[in-house]
Each structure stands twice: as structure tokens, then as C-alpha cells.
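Heads up, the thing below is written out as C-alpha cells.
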Amino acid sequence: MILIDSSVWVEVSRKGGEESLQKEVGDLLEGGDCAMAWPVWLELHQGARGLREEENLQGWRELSVWLDFDDECWMAAAEFGRRCLRAGVNVPLGDILIFACARRHGVELLERDRHFEMIRKATGA
């Protein structure tokens, strides 16, 4: 199971993205190995441009396995956010929430966003 970040969804849907990335996402969707979480969905829904992208979102939503964003996710996000601040690393809250959710559920995170590497380095996670 792999949680796909909004950075990948946007690259694949808007820019066409790398052919290998498009294939990877397609394979994950077809194989039932694509995970979705509310923080990712919120970023995508907020940034959707037009009916075509909204329809894509609905399809991805239906084909994804949903990860609960529970109290453990919130607690992990709070800890990761604190560690980032202590390390002098300023990253968007949404990325901290997504990172925490992936860690909480023990799934890989497929992303194309430099903030996740910053979180990894700052937290040692």
C-alpha cells in the first residue's frame, strides 16, 4: 500500500508527468494498492480546476483505500511538527499531516515535494 501525495496526483494529471510515474500510479490504482487520506484529498479538492479535474478526483477517491486519520495521526503530526520547528525547518502543515499519516499506518509515501525530505531529516523518521 502506498499513500500518494497531492504533488504526484497534480504532476500526473496536469503536466502529464514522467511516463514511469504515470505508469506507477496507474498500476497502484489498478492493483488496489493506492492509499488516500483526508489531508491529501483536501489539498486536491481545494486545488481542482474545472469539471475534468473534479471527475478525476472522484475516480481516484473511489479506487483508493482510505487511511483513517485518527488520534494517533494527530499526535504523530504534533510531534513531527515540533521536531521540525526545533530543527529550524519550516514546512507546510498539510505535508506534516500527510507524513504523519503515512508513518502511522506504516505505508510508503509517493511524493514529488522537497518538504518531505526536509521532514525526514529534521525528525529522523
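For the Cα atoms of the chain, what angle does the longest principal axis make with the long axis of helix 114-123, in degrees from 0 to 90, nearest 10?
Helix 114-123 sits roughly 30 degrees off the main axis of the chain.
Would you work out the relative contact order for the chain, in percent, from Cα pairs under 8 angstrom that are 6 or more residues apart?
34
Please return the longest stretch of the chain lacking exposed loop sites, where trypsin sites (Lys or Arg not before Pro) count only if DSSP places them in a loop and at most 11 other Cβ atoms lie within 10 Å.
Longest stretch, sites excluded: 50-125.
Along the charge dipole of the chain, which of 67, 88, 45 sits closest to the positive end, that is, farthest toward it, with unit charges on the beta carbon of Lys, Arg, Asp and Glu (+1, +1, -1, -1)?
Towards the positive end, the residue furthest out is 88.
Please report, in debye to the nearest 20, how large the charge dipole of the chain is about its Cα centre when each Lys and Arg carries +1 at its beta carbon and each Asp and Glu carries -1 there. Could you put the intermediate results ahead of the total?
On the way: 15 positive and 23 negative charges, 130 e Å.
Approximately 620 debye in magnitude.
Return one number: the angle in degrees, 0 to 90 and rounded to the nearest 10, between the long axis of the Cα atoms of helix 93-105 and the longest principal axis of the Cα atoms of the chain.
Result, in degrees: 90.
List every residue whose amide H lies under 5 Å from the amide H of residue 112, counting only residues 5 or more places away in sequence or on a different chain, with H placed 1.01 Å from N in the peptide plane.
7, 8
Working from Cα positions, state the angle (0 to 90°, nearest 10) between the long axis of helix 71-86 and the longest principal axis of the chain.
Compared with the principal axis, the helix lies near 60 degrees.
Read-outs throughout are calculated quantities, based only on the coordinates presented, and are distinct from any laboratory measurement. Everything numeric in this text was worked out from a predicted model, so none of it was measured. Counting neighbours? That spans all protein chains shown, and the Cβs are built from the backbone with ideal geometry, glycine included.
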